[in-house]
1. Kyte-Doolittle mean at least 0.0 and Cα extent at least 20 Å along the axis: which DSSP H helices of the chain qualify?
2. Determine the relative contact order of the chain: mean sequence separation of Cα pairs under 8 Å and six or more apart, normalised by residue count, in whole percent.
3. Which whole-Hz ³J(HN,Hα) couplings does segment 63-78 yield from phi under the Karplus relation 6.51 cos²θ - 1.76 cosθ + 1.60, θ = phi - 60°, glycine and proline marked x?
4. Say the dipole of the chain comes from +1 at the beta carbon of Lys and Arg and -1 at that of Asp and Glu; which of L295, W170, M1 then lies farthest toward its positive end?
5. Counting trypsin sites (Lys or Arg not before Pro) as exposed when in a DSSP loop with at most 10 other beta carbons within 10 Å, what is the longest stretch of the chain free of them?
6. Could you calculate the FRET efficiency of I267 with R221 from 1/(1 + (r/R0)^6), where r is the beta carbon distance between them and R0 is 35 Å, rounded to 0.05?
7. Note down the magnitude of the dipole of the chain about its Cα centre, charges +1 on Lys and Arg C-beta and -1 on Asp and Glu C-beta and zero elsewhere, to the nearest 20 debye.
8. Could you give each residue of segment 127-143 its phi-based ³J(HN,Hα) in whole Hz, using Karplus coefficients 6.51, -1.76, 1.60 with θ = phi - 60°, and x for Gly or Pro?
Amino acid sequence: MISDIDAGDIFYNQNNVLLDRINAIDGVKQASVIDISLTGAYNSSRTFTADNGQFTKQTLPFIGVGNDAVSALDLSLVAGRDFSAKMGADWFNKVSDTQATASAILTESLAKQAGYATAEDAIGSIWRTDTGYGQKLTITVVGVVKDIKVGSVKDTQPSTIFICGYTSSWVGRIIVNLDLTQLPHVKSQLANILAETLDIYDPKIEMMADNYRALYRNDERATEFVTLFSGLAVFLACVGTFGLASFSVLRRQKEVAVRKVLGASRISIMNLLAKEFLILVLGSVAIAYPLTYWLVGDWLANFNERVDQALWVYLVAALSVAAITWLTVASIAFKAASTRPSLTLRYE
């Protein structure tokens with residue numbers, strides 16, 4: 001994403017020459033323009049009315065984009081088509097001082113909200129709004145895409161509409177969908193093209209992946225923090241269990257020897273000694289899991305969109321802890337059960 005470009009250079013004046021040169025760079029799949037950062041926030045909104053009579057004077061945020069926006073942004077097209085330079089009517093066109101036209105793409109949730117039974121039903125519909133400068137803007141819907149997320153998933157995600165060639169922002173951005181293996185080459189060529197065409201000699205070129213990573217840096221750090229201390233807690237618990245099991249087995253050596261003399265197998269002795277530790281595991285699960293479920297649910301509540309907690313994860317965790325505990329105790333119990341009873345009982 002190339003940020004901080006004068007909107008007049010890429011929106012108010014349709015700059016096909018610039019985008020054609022960018023698309024001609026080896027490694028570039030598709031380039032387009034947009035007036036917001038998808039990791040930021042919406043710039044503006046308008047009041048829209050659809051021609052189906054069910055969607056009237058509804059305020060919506062809108063995103064100004066250029067041709068081939070669906071391809072450049074890797075959006076999932078549900079119905080209709082992408083904006084295209086071959087379709088002259090797509091780009092915002094000022095018909096008169098009071099009238100203007102453009103094409104638009106709706107998100108799937110907006111199509112449903114507007115009362116269309118299917119995404120295909122929305123194609124070809126006419127929407128109207130005001131540009132804010134006394135102009136009436138007539139919009140033709142040419143496509144429907146799956147919902148997108150603007151900013152963090154912690155924020156409420158309203159339905160939105162993409163309008164081709166129209167923006168109310170002073171600055172715009174160029175989006176370049178590229179082969180990442182050729183990133184250095186593409187960056188170098190972009191710098192040259194921007195210097196030659198727009199007199200921009202120090203372009204602000206960002207990777208959207210880096211912007212998303214920065215958006216969730218605090219959550220990532222929290223995850224690393226929890227992972228580190230969870231690992232440390234498991235290690236200390238294993239060491240404590242090993243020490244406690246060693247003490248328990250040492251204290252019950254004579255009992256183990258007598259049981260062996262009476263015909264007990266090694267595995268039965270191992271299970272006998274491990275059983276009391278497994279009861280402790282069961283008690284800890286009964287205490288820890290309700291608290292954990294509540295804490296994780298409270299953390300997930302900060303996100304507008306979130307995953308549900310899967311109960312099988314808790315089951316796998318409990319079985320894993322039980323298995324680690326059993327192996328820790330059993331390894332010590334096996335050694336005690338393998339010792340000849342005569343060596344333990346010879347002084348009795």
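Every read-out reported here was derived from the displayed coordinates using simple, explicitly stated rules and does not represent laboratory data. Remember, it's a predicted structure, so these values are computed and weren't measured experimentally. So basically every Cβ, Gly included, is an ideal-geometry build from the backbone, and we count neighbours across all protein chains shown.
1. Working: long enough: 183-198 (21 Å, 0.43); 217-251 (50 Å, 0.75); 266-300 (47 Å, 1.23); 311-338 (39 Å, 1.69).
Span-like helices in the chain: 183-198, 217-251, 266-300, 311-338.
2. Details: 549 pairs, mean separation 71.6, N = 348.
It comes to 21 percent, rounded to a whole number.
3. Per-residue couplings from phi come out as 10, x, 9, x, 5, 6, 5, 4, 5, 5, 8, 6, 7, 9, 7, 8 Hz.
4. The one lying farthest along the dipole's positive direction is L295.
5. Details: sites that count: K57, K86, R346.
With a cap of 10 other Cβ atoms within 10 Å, the longest stretch comes to 87-345.
6. Numbers: r = 46 Å, r/R0 = 1.30.
Computed FRET efficiency for I267 and R221: 0.15.
7. On the way: 30 positive and 33 negative charges, 520 e Å.
With only Lys, Arg, Asp and Glu charged at Cβ, the dipole is about 2500 debye.
8. 10, 10, 7, 10, 6, x, 10, x, 9, 8, 9, 9, 10, 9, 7, 10, x
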